[in-house]
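Asks: Okay, here's the structure, questions in a sec.
Throughout, read-outs are computed from the coordinates displayed, never taken from laboratory work. Quantities reported herein were computed from a predicted structural model and do not represent experimental measurements. Here Cβ is always computed from backbone atoms with ideal geometry, including for glycine, and neighbour counts include all displayed protein chains.
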Amino acid sequence: MWLWARTGGLSAGDPAPDFTLPTHDHRGRVTLSSFRGSSPVVLVFGSYT
């Protein structure tokens, strides 16, 4: 993800780059691309400290 930010990022309408994150229970992993074609995905970024 850091490389995308350094190369100019995305424009409106561009598909989001794929990424993988651990599940909330840390027993598996999920990729953004696994949701393609299903319901919308909302990404929320923030600090909860």
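Asks: Translational diffusion coefficient of the range 8-49 at 20 °C, 1.002 mPa s, Stokes-Einstein with Kirkwood Rh over Cα pairs, in µm²/s as a whole number.
Replies: D, rounded to a whole number, is 171 µm²/s.
Asks: If I model a spin label as a point 7 Å beyond the Cα along the Cα-Cβ vector, how far apart are those points for Arg36 and Asp18 in nm?
Replies: 0.6 nm
Asks: Can you list residues whose amide H is under 5 Å from Val30's amide H, if they're 5+ apart or on another chain and H is modeled 1.01 Å from N?
Replies: Sorted by chain and number, the residues that satisfy this are Leu21, Thr23.
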